[in-house]
Amino acid sequence: MVNKNDEFKLNITGYTSEGGGVGKFDGQAIFVENTAVGDEILCHIIKAKKTYAIGKAMKIIKPSKSRIEPECTSFKSCGGCSFGHIKYEEELEYKAQKVEDAFKRIGGLSPEFKPIISSPETTRYRNKAQYPVRRENGILNIGFYAKKSHRVIDGGDCLLQPQDFTSIIEIFRKWINENSVTVYNEEIGIGLIRHIYLRKAFATGEIMACVVINGNTIPNSEELIESLKEIEGFKTLVVNINREKTNVVLGENCINLYGDGYITDILCGVKIKLSPLSFYQVNRNGAELLYKKAAEYVAPTPDQTILDLYCGTGTIGLSMANSVKELVGVEIIPEAIEDAEVNAKLNDINNARFICGDASVAAEELKNEGIKPDTVILDPPRKGCAEELLKTVAEINPQKIVYVSCDPATLARDCSRLLTLGYEVKEVTPVDMFPRTSHVESVALLTLSSI
């Protein structure tokens, strides 16, 4: 058993679920961040427990063949990326294996796994960023949280974000300093500016800037707007009011200071209206590949009815609506349903209707109405689906379930539950929507068992 402050050579042989390196010493698991499989390191133990220990790489004695030099200068301090130090091919292998391991370990399942779909871009792919704003020792920091903390690392030019965002942040920095605008203090709950929230529609080039404030308005907004107009594509400035003492970034109320309060993107040929509160995949080009795979599994036909549960602003279902008889979308967030209805009108889609409510309740209501969808699309949050919802879906008796998931563990769990309800997993495709991070999306095709 190792002890705190021990030092020894360690070979990194695997990765954790969060993308950190792991090796074994005297049979004990040692977790070391910012290492790669194949590294031989000098490891210094900073925390020792009975069953595992946490170490720090004091020196890379022999680097892995997969190791690369991080391009980002904030890589070791920022909590945004896990894989900035390894080749992308190795990252893809890790993510594909992560999905397979979850199905085998958690679900007890061995479906056919298709090769992982890589992201079209590994840098500058994010269309959204939320920058916490803090003052520390009198210095204004606008950036990202350090790993496992709420200490803000000044962002500089994040390589996952569009370069436009860096220019916009510098405009906000100048405006805050020149107008002596107060900055939020988490500990005591005072100060005006909490976050700067930016969105870009990659297909149209339109940009939204949103200021999250602990108040009702901002000073000298005209000056800020004039500076933002210098940014190509800038379309709207919105204030979001969040006066709660909470870690949740956005409040419920938005006020437009310039423009219409939304931008428009195009995804799989469908125009999508995006407000600050709209859910939208952060990797637009990757999302097209994800939705195309989902559509391949759905295989839409003119006589088909699709039930899209957790539909959000309707993006997945609307991308298939013109190929089916009817689309019914369900979402619990009223603003998302409003956006979905607007998106349907924006695209002259007349065979779609959207229901605001809990997915389980709405699915039960549709069952009682006698609506019998041929395919159910599930795209739940990270926690997956409630067991009651899965039972209701099975009672509706669709021929197919297409399950889109951002968490392999809950996907595997839910697929195992659906197996007991009469559905078998035919195929799973991992999709890398979040390059340089440990997250991976997956699409699973389940069909009604013939047994």
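Please treat every number below as a calculation from the coordinates, not as lab data. For clarity, every value in this text was computed on a predicted model and none was experimentally measured. In this analysis, Cβ positions are derived from the backbone assuming ideal geometry, glycine residues included, and neighbour counts consider all displayed protein chains.
Using just its DSSP H runs of length 4 or more, each adding -39500 (n - 2.57), the chain gives a mean residue ellipticity at 222 nm of -7000 deg cm²/dmol after division by all residues. From most to least packed by mean Cβ count within 10 Å, the peptides 419-426, 388-395 give 388-395, 419-426. Past 28 Å, Cα to Cα: identify those pairs from LYS174/LYS235; LYS273/LYS383; LYS24/LYS426, in the order given. Distance filter (> 28 Å) returns LYS24/LYS426.
Using the Cβ-Cβ distance between SER416 and ASN179 with R0 = 51 Å, the FRET efficiency computed as 1/(1 + (r/R0)^6) comes to roughly 0.35. Stretching the chain fully between THR51 and ASN137 yields a gain of 27.0 nm (0.36 nm per residue, less the alpha carbon separation). Report note on the peptides 42-51, 235-244: ranked by the mean count of other C-beta atoms within 10 Å, highest first, their order is 235-244, 42-51. Between ASN350 and LYS292, the FRET efficiency estimated from the beta carbon spacing at R0 = 30 angstrom works out to 0.80.
Classify region 292-436 as rounded, prolate or oblate, taking a ≥ b ≥ c as the square roots of the eigenvalues of its Cα gyration tensor: rounded when a/c is under 1.5, otherwise prolate if a/b is larger than b/c and oblate if not. It comes out rounded by the Cα gyration axes. Karplus-based coupling profile of region 114-126, in residue order and whole Hz: 7, x, 5, 8, 7, 6, x, 10, 10, 10, 6, 9, 6, with θ = phi - 60° in 6.51 cos²θ - 1.76 cosθ + 1.60 and x standing for Gly or Pro.
Note on LYS87 and THR13: the model spin-label points, each 7 Å out from Cα along the C-beta direction, lie 2.3 nm apart. Candidate cross-link partners of LYS9 among the aspartates and glutamates, defined by an alpha-carbon separation under 12 Å and a same-chain spacing of 8 or more, comprise ASP26, ASP39, GLU40. Across region 182-187, rounded Karplus estimates of 3J(HN,Hα) from the backbone phi angles (6.51 cos²θ - 1.76 cosθ + 1.60, θ = phi - 60°) give 6, 10, 5, 10, 4, 5 Hz, Gly and Pro being marked x. Karplus-derived 3J(HN,Hα) values for region 419-431, using 6.51 cos²θ - 1.76 cosθ + 1.60 with θ = phi - 60°, are 4, 6, 9, x, 10, 10, 7, 8, 7, 9, 10, x, 9 Hz; glycine and proline are entered as x. Here LYS391 is the anchor, and the aspartates and glutamates within straight C-alpha reach of less than 12 Å, apart from those fewer than 8 places off in the same chain, are GLU364, ASP414. Per-residue extension of 0.36 nm, minus the Cα-Cα distance of LYS426 and ARG105, leaves a gain of 113.8 nm for this segment.
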